[in-house]
Amino acid sequence: MRIFDPHIHMTSRTTDDYEAMYAAGVRALVEPSFWLGQPRTSPASFFDYFDALLGWEPFRAAQYGIAHHCTIALNPKEANDPRCTPVLDALPRYLVKDSVVAVGEIGYDSMTPAEDTALAAQLQLAADHGLPALVHTPHRDKLAGLHRTVDVIRESNLPTERVLLDHLNETTVKHAADSGCWLGFSIYPDTKMDEDRMVAVLREHGTEKVLVNSAADWGRSDPLKTRKVGDAMLAAGFTEDDVDQVLWRNPVAFYGLSGRLQLDIPEPEGLHEGNSILRGGE
């Protein structure tokens with residue numbers, strides 16, 4: 001089983017997770033930029049984080065045979081903090097980088113006017129840079145948030161077929177599918193979706209344009225949830241081709257819209273900017 005995790009925050013994970021993911025079949029991933037739990041207080045902290053997504057994390061992933069890509073954006077939560085909004089002006093210099101395969105995560109958290117502004121501006125940046133967009137649907141008032149999100153997307157210059165609506169569930173999947181966007185589902189141990197619910201959604205709505213991710217942040221999460229969805233699909237009677245479509249071909253097709261996917265990774269060097277994760281080595 002080959003797996004492309006299309007949304008996983010490896011900055012919050014250990015090298016043991018990379019090793020376990022490779023053993024489970026993960027060969028590629030996308031790490032979206034997001035908030036770090038502790039609020040940032042200046043744009044400079046974003047830039048250090050973006051640089052890590054472009055340099056350190058791809059190096060770390062390559063040590064374990066996994067191709068790492070990222071998405072770059074001002075996330076919805078911090079779009080409400082005027083100390084952070086200057087990041088919007090700096091995004092173009094990051095969106096031209098080779099390993100950036102989408103603008104994201106963008107979208108809504110609390111559905112404020114500031115979030116409206118940031119979402120519209122970043123959809124335009126995606127259109128200007130020929131990139132797709134990874135859109136975070138809110139965790140509260142999900143259906144209302146999805147309707148508002150789709151309305152803003154339809155008013156933008158970015159076609160719906162270049163947008164991935166993430167964090168969907170049973171209450172939002174039909175409207176999301178009707179929008180023409182790609183459909184993303186985050187699988188968690190306690191919150192959001194689990195593998196059995198995901199199988200039920202796939203039975204009802206099919207496997208076209210569906211992406212499944214583990215998200216895997218600092219909270220209780222599991223970077224092997226993609227593999228567990230694949231196993232649950234097979235146990236439920238889906239074919240190996242169905243599993244390959246959901247866990248590999250669909251994310252490759254969506255992020256391939258960027259023209260930047262590099263799934264064959266070179267052998268990593270021993271150091272990245274003077275640092276190594278190979279403790280105890282030469």
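The values are calculated or read from the model by the stated rules, or taken from the named source; none is laboratory data. Here the structure is a predicted model, which is why all the values come from computation and not from measurement. Backbone-built Cβ (ideal geometry, glycine too); neighbour counts: all protein chains shown.
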Q.
Can you confirm whether residue 143 is more than 22 Å from residue 171 (Cα to Cα) and either part of a loop (DSSP other than H, G, I, E, B) or at pLDDT below 95 (or both)?
A. no
Q: Among the residues of the stretch 25-48, write down those that are over 15 Å from residue 8 (Cα atoms) and either under 16 Å from the mean Cα position of the chain (by Cα) or among the aliphatic types (A, V, I, L, M) (or both).
A: 44
Q) Would it be correct to say that residue 88 is touching a strand residue (DSSP E or B) at 6+ places or on another chain (Cβ under 9 Å), crowded, with 16+ Cβ neighbours inside 10 Å and in a helix (DSSP H, G or I)? A) no
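This table checks each residue for (1) out of contact with any Lys or Arg (no Cβ under 9 Å at 6 or more places or on another chain); (2) under 27 Å from residue 228 (Cα atoms).
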{"position": "4", "(1), (2)": "no, yes"}
{"position": "8", "(1), (2)": "yes, yes"}
{"position": "15", "(1), (2)": "no, yes"}
{"position": "21", "(1), (2)": "no, yes"}
{"position": "35", "(1), (2)": "no, yes"}
{"position": "39", "(1), (2)": "no, no"}
{"position": "66", "(1), (2)": "no, yes"}
{"position": "91", "(1), (2)": "yes, no"}
{"position": "114", "(1), (2)": "yes, no"}
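Counting residues that are modelled with pLDDT of 95 or more and of a type in the set (A, V, I, L, M, F, W, C), which helices (runs of 4 or more DSSP H) fully inside the stretch 2-75 reach at least 3?
Details: elements: 15-24, 43-54, 56-62.
Correct list: 15-24, 43-54.
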Q) From the set of residues in the stretch 156-171 that are under 11 Å from residue 201 (Cβ atoms) and within 18 Å of the chain's Cα centre (by Cα), which is surrounded by the most Cβ atoms within 10 Å (Cβ to Cβ)? A) 168
Q.
Pairs needed: first member in the stretch 17-29, in contact (Cβ under 8 Å) with a residue 60 or more places away in the chain and closer than 18 Å to residue 53 by Cα; second member anywhere, buried (at least 17 other Cβ atoms within 10 Å of the Cβ) and among the small types (Gly, Ala, Ser); C-beta distance under 6 Å; at least 6 residues apart or different chains.
A. 28/67
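Yes or no: the stretch 43-54 includes at least one residue that is buried (at least 23 other Cβ atoms within 10 Å of the Cβ) and touching a residue at least 12 places away in the same chain (Cβ under 8 Å). Write out each step before concluding.
Going residue by residue through the stretch 43-54, those that are buried (at least 23 other Cβ atoms within 10 Å of the Cβ) are 46, 53.
Remaining after also requiring touching a residue at least 12 places away in the same chain (Cβ under 8 Å): 46, 53.
Among the residues of the stretch 43-54, at least one is buried (at least 23 other Cβ atoms within 10 Å of the Cβ) and touching a residue at least 12 places away in the same chain (Cβ under 8 Å), which makes the answer yes.
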Q. Would you say residue 79 is surrounded by 20 or more Cβ atoms within 10 Å (Cβ to Cβ), of a type outside the set (S, T, N, Q) and out of contact with any Cys (no Cβ under 7 Å at 6 or more places or on another chain)?
A. yes
Q.
Name the single residue that is farthest from the chain's Cα centre (by Cα) among those in the stretch 190-218 being modelled with pLDDT of 95 or more and among the polar types (S, T, N, Q).
A. 207
(Q) Is it the case, given these coordinates, that residue 221 is among the small types (Gly, Ala, Ser) and modelled with pLDDT of 90 or more? (A) no
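Can you name the residue in the stretch 121-138 that is more than 19 Å from residue 50 (Cα to Cα) and modelled with pLDDT under 95 and, of all such residues, is surrounded by the fewest Cβ atoms within 10 Å (Cβ to Cβ)?
138
Matching residues to (1) within 22 Å of the chain's Cα centre (by Cα); (2) modelled with pLDDT of 95 or more; (3) surrounded by 15 or more Cβ atoms within 10 Å (Cβ to Cβ); (4) part of a helix (DSSP H, G or I):
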{"site": "228", "(1), (2), (3), (4)": "yes, yes, yes, yes"}
{"site": "241", "(1), (2), (3), (4)": "no, yes, no, yes"}
{"site": "244", "(1), (2), (3), (4)": "yes, yes, yes, yes"}
{"site": "247", "(1), (2), (3), (4)": "yes, yes, yes, yes"}
{"site": "250", "(1), (2), (3), (4)": "yes, yes, yes, yes"}
{"site": "256", "(1), (2), (3), (4)": "yes, yes, no, yes"}
{"site": "261", "(1), (2), (3), (4)": "yes, yes, yes, no"}
{"site": "269", "(1), (2), (3), (4)": "no, no, no, no"}
{"site": "281", "(1), (2), (3), (4)": "no, no, no, no"}
(Q) Restricting to the stretch 91-120, give me the number of residues that are assigned to a helix (DSSP H, G or I), among the small types (Gly, Ala, Ser) and crowded, with 20+ Cβ neighbours inside 10 Å. (A) 1
